[in-house]
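Student: Please see the structure below; I have some questions.
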Amino acid sequence: MKRFIKICGVTSLMDAKLVLNLGANAIGLNLYSKSPRKISLETASKIYSMIDNKIQVFLVFVNEEDTKIKYCLERFPKAIPQFHGNETGEFCRSFKTSYVKAIGVDKDTNFRYIEKEFSDAKMLLLDNYDVKKYGGTGKSFDWKLVDNDLKIPYLLAGGINISNVLEALNQTKCLGVDVSSSLESQVGKKDHEKVRNIIKTVRKSYE
């Protein structure tokens with residue numbers, strides 16, 4: 001089965017072109033003001049235009065005001081909002097478009113509640129739970145905590161790297177993976193060889 005690969009935290013046209021050319025399924029552009037990987041709308045616009053619907057573009061928001069989200073979705077009409085904060089299902093669906101909801105997973109995560117609250121999500125993104133950070137921790141969580149009966153498609157995120165990506169894919173029923181900080185040479189800059197290797201590894205193993 002072909003696995004879904006999302007490369008997140010892309011901040012430049014050069015890195016975006018690499019992700020596109022290597023055949024990832026999606027690219028994540030971070031618009032969260034407190035993220036070290038935040039990009040401007042101008043840079044996001046250049047990347048969006050270059051990709052030209054060849055792969056999916058995810059716009060990452062964290063507890064953002066609805067007016068800004070609406071503005072961004074009007075500016076990037078084919079992009080998919082990824083809500084990475086404390087947003088409710090009602091808030092996520094209020095934009096009347098496909099969306100992704102990130103969930104911080106720990107031993108207390110109630111997957112039945114999540115299925116009900118975000119039943120219309122395009123997919124979930126299951127990440128490491130950190131009370132102080134909204135993603136970008138670079139730390140994995142115990143994948144055994146994932147409910148194998150989860151009906152909403154989901155990606156695994158948090159600490160995914162070349163050494164554990166196949167284990168992550170084999171141990172869960174995830175649709176694929178979301179990878180960011182482990183592919184960097186420095187914060188916000190992708191190591192092209194690492195990006196190439198992880199995509200090649202997944203594609204070789206599942207196609």
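The values are calculated or read from the model by the stated rules, or taken from the named source; none is laboratory data. Quick caveat: nothing in here was measured; it's all calculated off a predicted structure. Virtual Cβ from ideal backbone geometry, glycine too; neighbours counted across all protein chains shown. Remember, those area values only see protein heavy atoms, side chains included, never the ligands or the DNA or RNA. Shrake-Rupley method; radii C 1.70, N 1.55, O 1.52, S 1.80 Å.
Student: What FRET efficiency do you get for residue 120 and residue 21 if R0 is 41 Å and r is their Cβ-Cβ distance, rounded to the nearest 0.05?
Tutor: Working from the Cβ atoms, E equals 0.80.
Student: Using 0.36 nm per residue, how much length does the chain from residue 185 to residue 53 gain when fully extended, once their Cα-Cα distance is taken away?
Tutor: Length gained between residue 185 and residue 53: 44.8 nm.
Student: About the Cα centre of the stretch 30-173, how large is the charge dipole given +1 on each Lys and Arg Cβ and -1 on each Asp and Glu Cβ? Please answer in debye to the nearest 20.
Tutor: 340
Student: Let me ask something else about it. Which value in nm describes the separation of the simple spin-label points at residue 1 and residue 65, placed 7 Å from the Cα toward the beta carbon?
Tutor: According to this spin-label approximation, the distance is 4.2 nm.
Student: Please work out whether the stretch 1-42 counts as rounded, prolate or oblate from its C-alpha gyration tensor, where a ≥ b ≥ c are the square roots of the eigenvalues and a/c under 1.5 means rounded, while otherwise a/b larger than b/c means prolate and anything else oblate?
Tutor: oblate
Student: With every protein chain left in place and a probe of 1.4 Å, what is the accessible surface of residue 60, to the nearest 10 Å²?
Tutor: Answer for residue 60: close to 10 Å² accessible.
Student: Tell me, what % of the accessible area of the chain is carbon and sulfur with a 1.4 angstrom probe?
Tutor: Carbon and sulfur together cover 48 percent of it.
Student: Enumerate the amide H contacts of residue 103 below 5 Å, restricted to partners 5 or more residues apart or on another chain; note that Pro and chain-start residues carry no placed amide H.
Tutor: Hits under the 5 Å cutoff: 125, 126, 127.
Student: Hey, in the GNM for the chain with a 10 angstrom Cα cutoff, which one of 145, 156, 126 fluctuates hardest?
Tutor: Looking only at 145, 156, 126, the biggest GNM fluctuation is shown by 145.
Student: Please check: in the Gaussian network model of the chain (C-alpha springs, under 10 Å), which one of 142, 120, 191 has the largest mean-square fluctuation.
Tutor: Maximum among the listed residues: 142.
Student: At 7 Å along Cα-to-Cβ for each site, give me the label-to-label distance between residue 110 and residue 149 in nm.
Tutor: That separation, rounded to one decimal, is 1.6 nm.
Student: Next question. Measuring with a 1.4 Å probe in the full set of protein chains, what accessible area per residue, in whole Å², belongs to the stretch 9-148?
Tutor: Result: 50 Å² of accessible area for each residue.
Student: Here is a further query. Have a look at 103, 27, 55 and tell me which one the Gaussian network model of the chain (Cα, springs below 10 Å) gives the largest fluctuation.
Tutor: Checking each option, the largest mean-square fluctuation is seen for 55.
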